Amino acid sequence: MLEDRLGALAKLPWRFLLIVAAPTMLVAIYYLFIAAPLYVSTAEYVIHTKDADAATAGIGSMLSSVGLSASDQQVEAYEVQDYILSRNMTENLARTAGLRDILGRPEGDIGFKYPWPFFKDNIENLYQAYQRFVTVSYDLQTGISTLTVVAFRPADSQRLAASLLSRSEDWINVVNQRSLDDAVAQSQRQVDDAEAQVVAAQTALTTYRSGSRLIDPDKSADSDLQVIQQLQTQEATLKAQRAALAESAPQSPQLAVLDKQIAAFAAQAQAEQTRTAGQASSLAPEVARFEKLTLDRDLANKNMGLALEGLEAARLDARRQQLFLDRIVNPTLPDKAIEPQRFYLIFLTFVACLAAYAIVTLIASGLREHRQH
């Protein structure tokens, strides 16, 4: 019976044996007897803004409420995906998470684990091997990214997936902080300039007060005006008394006394007016200078307030635009190895080789017919 099978095999065309039978046999031997079982841990996450609701941030129909357009979400999701699959992530995991040990477990097969036979243990080869163990896919319809990690041990796949998510969150936080710093830098410079103007205006006002020994020239001028008004009122009262006395007793010696009092009050009022506004050293120029310094200080304080409002608005706007990684499904702990799909891969190899054999056969037949003609 065995001789009959060998005879039937020998009757097969050599092309079929070379293109179909031999590759399929090699693949079958590898997957059935050599390939180690792989445990798969999956996690799902979505990129959303700070104000977005975590439960709906990834639903494509609700992207407008998230404050992020579909194209923006795709860009951010692919950036996180690139970081997860990057060389930097590989180096990070190698330093802190024992990536070499996870990818090179003793129970792994030589065709999949790290390093391959005759390959050196270096970062470049580790990075190439890392691509075989970690994949990230993005669903354009829902906006959800799926992280898939395979390993030779269940705990390894879960731990590696958790490390990837944790480091991705840290990376997003760093990017957000950098974006926040860039967004508020200009506003902060405006605040600093406004603060310098406030300090300069207040210093000028303080220096003026120290030099003139006047806390508030406005109030001093008001006080002087009240004195002048009192003197003028008193002068007017005395003039009225003198007029009445002169009419009733023109020869009264009291008239001379009243004239002296009226002259004294008039002279005093004139002196106060001169001191307040009639000379270069009077209060009027001091009041004008004080009002200018006060106006400069008030304008500086107003600019300071506007600059602070602009800074706060810039911060709020930057924070609204910040992105966060929200875990929808935490990394799973597999209890059964589902990879590799041995028989499916063997069948797929057979179909591919059979298609290649058919193509080669058709080409050979065509060439043969061409030669005959």
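The values are calculated or read from the model by the stated rules, or taken from the named source; none is laboratory data. Fair warning: this is a prediction, and the values are worked out from it, not measured in the lab. Neighbour counts run over all protein chains shown; Cβ positions are idealised from the backbone, glycine included.
Put simply, of LEU38, LEU26, LEU93, LEU32 the only residue that is surrounded by 16 or more Cβ atoms within 10 Å (Cβ to Cβ), over 27 Å from the mean Cα position of the chain (by Cα) and at pLDDT 90 or above is LEU38.
Return yes when ARG297 is of a type in the set (Lys, Arg) and surrounded by 12 or more Cβ atoms within 10 Å (Cβ to Cβ) and no when it is not. Here the answer is yes, as ARG297 does meet what is asked.
Matching residues to (1) surrounded by 14 or more Cβ atoms within 10 Å (Cβ to Cβ); (2) among the polar types (S, T, N, Q); (3) modelled with pLDDT of 95 or more:
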{"position": "ALA55", "(1), (2), (3)": "no, no, no"}
{"position": "GLY58", "(1), (2), (3)": "yes, no, no"}
{"position": "ALA77", "(1), (2), (3)": "yes, no, no"}
{"position": "PHE133", "(1), (2), (3)": "yes, no, yes"}
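Pull up the range 162-192, narrow it to residues that are of a type in the set (A, V, I, L, M, F, W, C) and loosely packed, with under 15 Cβ neighbours inside 10 Å, then point me to the one that is nearest to GLU76 (Cα to Cα).
VAL174
Only residues that are surrounded by fewer than 19 Cβ atoms within 10 Å (Cβ to Cβ) and either touching a residue at least 40 places away in the same chain (Cβ under 8 Å) or assigned to a helix (DSSP H, G or I) (or both) were counted across the range 137-161, and they come to 9.
Yes or no: PRO285 surrounded by 12 or more Cβ atoms within 10 Å (Cβ to Cβ) and at pLDDT 85 or above? Before you say what the answer is, go through the steps one by one.
Numbers: surrounded by 12 or more Cβ atoms within 10 Å (Cβ to Cβ): yes; at pLDDT 85 or above: no.
Spelling it out, it is not the case that PRO285 is surrounded by 12 or more Cβ atoms within 10 Å (Cβ to Cβ) and at pLDDT 85 or above.
Of the residues that sit in the range 101-136 and are farther than 18 Å from THR148 by Cα, of a type in the set (D, E, K, R) and in a helix (DSSP H, G or I), which one is farthest from the chain's Cα centre (by Cα)? Looking at residues that are farther than 18 Å from THR148 by Cα, of a type in the set (D, E, K, R) and in a helix (DSSP H, G or I), I get ASP101.
Working carefully through the options PHE343, PHE324, PHE350, find the one that is surrounded by 10 or more Cβ atoms within 10 Å (Cβ to Cβ), in contact with a Ser or Thr (Cβ under 6 Å, 6 or more places away or on another chain) and aromatic (Phe, Trp, Tyr).
Step by step, each of PHE343, PHE324, PHE350 is checked, and only PHE350 is surrounded by 10 or more Cβ atoms within 10 Å (Cβ to Cβ), in contact with a Ser or Thr (Cβ under 6 Å, 6 or more places away or on another chain) and aromatic (Phe, Trp, Tyr).
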